[in-house]
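Since the structure comes first, as structure tokens, the remarks are kept for the end.
The numbers here are math on the coordinates, done by the rules we state, and not lab data. Values in this document were obtained by computation on a predicted structure and should not be read as measured data. We place every Cβ from the backbone using ideal geometry, glycine too, and count neighbours over all the protein chains shown.
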Amino acid sequence: MTRDKNLLAYFALGAVCIIWGTTYLVLRIGVTQFPPFLFSMLRFLAAGPILLLFTALSGKVSWPDRSTLFNQAICGLLMITLGISVVGWAEVYISSGVAAIVCSMMPIWTVIINVIVTKDEKPNWLIIVGLATGLSGIILIFGEHLSEFSNANYTKGILLTFMANLSWAIGSIWIKKKNQNSNPFLNAGLQMLFGGLFLIPFTLVFDDYSQIQWNNEVVFSLIYMILIGSAAAYACYSYAIKKLPMTLVSLYAYINPVVAVILGWLVLSEKLNFQIGLAIAITVLGIYLVNRGYQLKASPISFQNSLFKIKRVLHPKSEI
């Protein structure tokens, strides 16, 4: 039974990897033609109740207590309001591919916070090598955009995305610690609902309502982000983060930029060349190494056998 649940969690994580990779493109299409915080507010105030209604109709959950509501409100503030929605604001100034590349730093933030602050899930050497490999691939992609830092708005977009990414990482760790005994789909619905409510003052202060225009692209983007990018993907993320190690779940951030860069190139003619293709391959290698590192961590015998093989290669004539 546990094995089946873990398999379902891996499927959920796979869905997050692909779907959230597409949302960078769809979000950019929406926020460049519509006030960004208003776009996100409408997205989450629709997606949250949809997921809550679905959960309620399943008949498997009861109304949450005050503690659960408080925890979901904190998660909604960190991950929805200050995380995803700020990335949407940043995409007014930077491309969808670059936003996804910056957000791929999320696993690094997670490891740093887990090791220094919470002291949970300490990585082994292979996980560290994998994270470093994946990060080097991201940096290689990012090197293609260095000349654009001369634009003040571009730099602003990068800084906003970094701050949003850190907020998301903190919120994800909060979820992992606080949501072990509550329904992940109920949690996701509440987080989106609270996050959308917290966006009301943001849209009133920062948005220019003269930019409002209801065309086909905006409507399609909003519907996609509500049903697929939010209700479906966020539920999958909440389920995966409850069942799998936090640092493993955070690997979705390495897949997202690959999907986002390719889609940005196909749809919006964003940059894609040999260097970016090579960087994507390096990033995928990093994902494999981290996943292998967690397999070895879960099986100490396999880990010891791997160390034995490495020693035999390095010192073939020595006695082990």
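Odds and ends about this structure:
- Convex hull per residue volume in Å³, alpha carbons only, for segment 28-87: 85
- Neighbour net charge for Ala99 - beta-carbon separation under 10 angstrom, K R +1, D E -1: 0
- A Cβ-based charge dipole, computed about the Cα centre of the chain with Lys and Arg at +1 and Asp and Glu at -1, lands at about 1340 debye.
- Among the chymotrypsin sites (Phe, Trp or Tyr not before Pro) found in segment 195-277, those both in a DSSP coil and sparsely packed, with 16 or fewer other Cβ atoms within 10 Å of their Cβ, are Trp214.
- Shown for the chain is the translational diffusion coefficient from the Stokes-Einstein equation, using the Kirkwood radius over Cα pairs, a temperature of 10 °C and a viscosity of 1.306 mPa s: 78 µm²/s.
- Pairs beyond 27 Å (Cα-Cα), from Lys243/Lys297; Lys122/Lys243; Lys242/Lys271: Lys242/Lys271
- Where a label projected 7 Å from the Cα of Ala56 along Cα→Cβ would reach, residues of segment 180-204 with amide N under 18 Å: 183-197
- Sorted by Cβ neighbour density within 10 Å, fewest at the top, the residues Arg292, Arg28, Arg66, Arg43: Arg66, Arg292, Arg28, Arg43
- Sequence of Leu251, Leu193, Leu263 once ranked by neighbouring C-beta atoms within 10 Å, starting from the fewest: Leu263, Leu193, Leu251
- Projecting the Cα positions of Leu38, Ser230, Ile112 onto the charge dipole of the chain (unit charges on Cβ atoms of Lys, Arg, Asp and Glu, taken about the Cα centre) puts Ile112 furthest along the positive direction.
- Segment 1-73 and segment 211-285 have Cα centres spaced 14 Å apart.
- Candidates Ile212, Ile101, Ile276: whichever shows maximal mean-square fluctuation once the chain is modelled as a Gaussian network with Cα springs under 10 Å: Ile212
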